[in-house]
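Here's the structure, in C-alpha cells; my notes come after.
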2 protein chains.
Amino acid sequence: MVLADGMQASSKDLAFDLRAYLAERQAKVEEALDRSLPVVYPEKIYEAMRYSLMAGGKRLRPILSLATCELAGGTIEMAMPTACALEMIHTMSLIHDDLPAMDNDDYRRGKLTNHKVFGEDVAILAGDGLLAYAFEHIATETKGVDPLRLLRVVALVGRAVGAAGLVGGQVVDLDCEGKKDITIETLNFIHNHKTAALLEASVISGAILAGASEAVIEALLRYAKNIGLAFQIVDDILDITSTAEELGKSVGKDLKAEKATYPSFWGIDESRTQAQRLIQSAKAEVAEFGEKARPLTAIADFIISRTR
Amino acid sequence: MVLADGMQASSKDLAFDLRAYLAERQAKVEEALDRSLPVVYPEKIYEAMRYSLMAGGKRLRPILSLATCELAGGTIEMAMPTACALEMIHTMSLIHDDLPAMDNDDYRRGKLTNHKVFGEDVAILAGDGLLAYAFEHIATETKGVDPLRLLRVVALVGRAVGAAGLVGGQVVDLDCEGKKDITIETLNFIHNHKTAALLEASVISGAILAGASEAVIEALLRYAKNIGLAFQIVDDILDITSTAEELGKSVGKDLKAEKATYPSFWGIDESRTQAQRLIQSAKAEVAEFGEKARPLTAIADFIISRTR
C-alpha cells in the first residue's frame, strides 16, 4: 500500500529533525541573501528588490540546492551564491506575477505586493534587476568550483526561468484563464514549467556544482520532477482548504478565477492520494543515497504535510 | 582644434567603407538572431519575443562586440552568441520601457510596441524571457572560449543590465520626470547607466572573449564611455530636430514630458560640440590600435552623423 508505506517512511524519518534542519538552513540563506544585496544609490530600486527578496518564505529552492551539493560531496559555501540566485529569480517571478497586468494581487506572504508599495514601474524594474543580478551573483561570487560546472548552472538556471520554463508556463496559464475545456495535459504543462522547472534547477544545480556523476544528477532530476508536481497539487488543495491567515495570501482565488486545478479534475481526496504517490516516488529515487538523502526525503515529506 | 581634427579624421576614414561594413555585419547578426530563437510551443511567447527582437534596429551593440573581438585577435564566431545576447537584452529593455506603467509608448521603430500587439502581460513575460535566454545563450552557444572569460562576460552583462546599470538608470529617469531641478550630474548618471552601461559591456565583451590584455580592455572601456554619452546626446538632439518619419518613433517626447535633456542644459549647438568632443576622445583612445581600429573609429563617426 502506497499510503501505508508513506506513513511508515514518515515515522521512520522522525529521527531526522527536519524542523531544526530547515530553521538552520533558512537562517543561513537569509543571512547570505541579506549580504548579497546592499542598498546603494539609487536606493529606491535596491529597497524594492530587498522588500520582496527579504519578505520571508520557505527558502525551499536555496535549501534544496545546498542539500544536493552536500549530498554529492560539496560544501554549502560552493552552492550558496547559486542558492541565493535561485531565490532572487523566484522572487522576480512573484513580483511580476502579482502585477495588475498579470494576476493583480495586493498581498503576498501577508504583506502588500511590490507594486502596491513601490508602484508598477519600479516593481517591473525590481524584477528585471533581480533576474539580471542572479546571473551576475552566480558568476562573481561562486568560489572553488570548476568554471565549466558554473557555466552549466548558468545555462540551467537561464533555461528554467525563460520561455522554456517558468515564463512559458505562465503564458499558458494566462491563456487558460476563464477557459472551461483545459485538459490535464495542459495543466501538467503549466505546472511542469511554472513551478517544477525552477525546483528542478534548484535540486540539480547543487549536485552539478559538487561535480556529481550524470547518473546521480538524473536520479535527483526525477526526485525533483516528482516533488515539483506534488508541490503544485498541494498548493491547489491549500487554496481550497486553508484560511487566508494560515496561507498569508488570498484563498479561494482559483475557484473565483475559474482556474483549472488538480482538485477540479480529481477532487480533493484523489488529489491528496496523487500527491502522496509522487512523494513516495521522489523518496524512492533518492533511497540509493542512504543516510545522505535524509534532508531530501524529509523535505519531500514536508511538501505534502505543509499547511502554507 | 578639436572640430577641425574631427573633420580631417572623418575624411581620412572615407577609405573604410562603413556603410558596407555595417550592412554586412547587420546581415550576419540578423541571421544569427533569427537562428537563435526558433518558435516552439507555447508559440505566443516566442512570437512576442521574436516580434521585438527581429524588428530591425542598428544592431550597434552586437556589431561593437564582434568588432572588439576581432580587434583583440578573436573571431566573430567566438563573440556571436554574446553579441546576440546583448541585442536580446537591449530588446528586453525597450519592451519594458514602452509599457504603460513606464513610458507608455505605442510605437517603436515604426511598428506597434510589443504590448500593443501581444498585451501587457505577454510583453512583460517576453522581456523576462529574452533576459533569461540571453544568459542561457551565452553559456550554451559560445564555442572555443576559455570558460573563465565566459563567466567574466556573464558577470559583465548581468551588471550592465541590473540595478548597477540599465535598471538603475531607468529608475532615476522615472524619478526625474516632471521635475524642474535636475542637475547635470543626475542627467549624466541616468545616461551612464541607462544607455552607456550596455554599450560598454558590448564593447569590452568582445575583447574579453578574445583574451585581450587588461590595458586593451581599459582603453576600449574609455572608448565606450565616450561613445555611450555621445550617443545619448545625439539621441536628445534628434528628439528635437527629427521628424517622426525619419526617427521611426514619436518625436518631441522629451519636451512634452518636460524631461531634462542635454539640449535643455546646453542648447543644441553646444550639445553638438560636446558630442563631437566625446567622439574625438573616443577615437583617440583606440588610435594606438592603428588599422585594426578602423571599424571602431568609423562607428564613432557614425554615432555623431546618424539621423535616426
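With semi-axes defined as the square roots of five times the eigenvalues of the C-alpha gyration tensor, the equivalent ellipsoid of the protein assembly as shown measures 46, 26, 20 Å, largest first. Please give the average number of partner chain Cβ atoms lying within 10 Å of the Cβ of each residue in B:97-107, rounded to a whole number. Average per residue, whole number: 3. A label point on A:Lys179, set 7 Å along the Cα-to-Cβ line, lies at 4.6 nm from each of its counterparts in the other copies, closest listed first. Would you mind checking the range A:99-133 for residues with the amide N under 14 Å from a putative spin-label position 7 Å along Cα→C-beta of A:Lys253? Under cut-off, by backbone N: A:99-116.
Less than 5 angstrom separates the built amide H of B:Arg108 from those of B:Thr113, all sequence-distant by 5 or more or on a different chain. Among the residues of A:70-80, the average count of other protein chain beta-carbon atoms within 10 Å of the residue beta-carbon is 0. Label point of B:Arg306 (7 Å along Cα→beta-carbon): distances to the other copies' equivalent points are 4.7 nm, sorted ascending. Sorted from shortest to longest, the distances between the A:Pro38 label points of this copy and the other copies are 4.7 nm, with each point 7 Å from Cα along the line through the beta carbon. The range B:222-244 and the range B:284-300 have Cα centres separated by 20 Å. With R₀ fixed at 30 Å, the C-beta to C-beta distance from B:Arg306 to B:Lys179 puts the FRET efficiency at about 0.55. Under the rule a/c < 1.5 gives rounded, and otherwise a/b versus b/c splits prolate from oblate, where does the range A:96-228 land using the Cα gyration tensor? Cα axes put the range A:96-228 in the oblate bin. Anisotropy class assigned to the range A:87-173 is prolate, per the alpha carbon gyration tensor with a/c at or over the 1.5 cut-off and a/b larger than b/c. Per residue, the average separation of C-alpha pairs within less than 8 Å and at least 6 apart gives the range A:2-305 a relative contact order of 21 percent. In a DSSP loop and with at most 11 other Cβ atoms within 10 Å, the trypsin sites (Lys or Arg not before Pro) in the range B:91-200 are B:Lys143, B:Lys179, B:Lys180. Remark: C-alpha extents of the range B:9-86 on the principal axes read 52, 24, 15 Å, sorted largest to smallest. For the segment A:32-45, counting C-beta atoms of other chains within 10 Å of every residue's C-beta and taking the mean gives 3. Peptide packing for A:69-77, B:195-203, A:294-302 was compared via the average number of neighbouring C-beta atoms within 10 Å per residue; ordered from the highest value, the list is B:195-203, A:294-302, A:69-77.
Multiplying each eigenvalue of the alpha-carbon gyration tensor of the range A:167-308 by 5 and taking the square root yields semi-axes of 28, 17, 13 Å, largest first, rounded to whole angstroms. The Cα trace of chain A gives Rg and Dmax of 18.7, 59 Å, the first to one decimal, the second as a whole number.
Only the coordinates and a few stated rules stand behind these numbers; no lab work does. Quick caveat: nothing in here was measured; it's all calculated off a predicted structure. We place every Cβ from the backbone using ideal geometry, glycine too, and count neighbours over all the protein chains shown.
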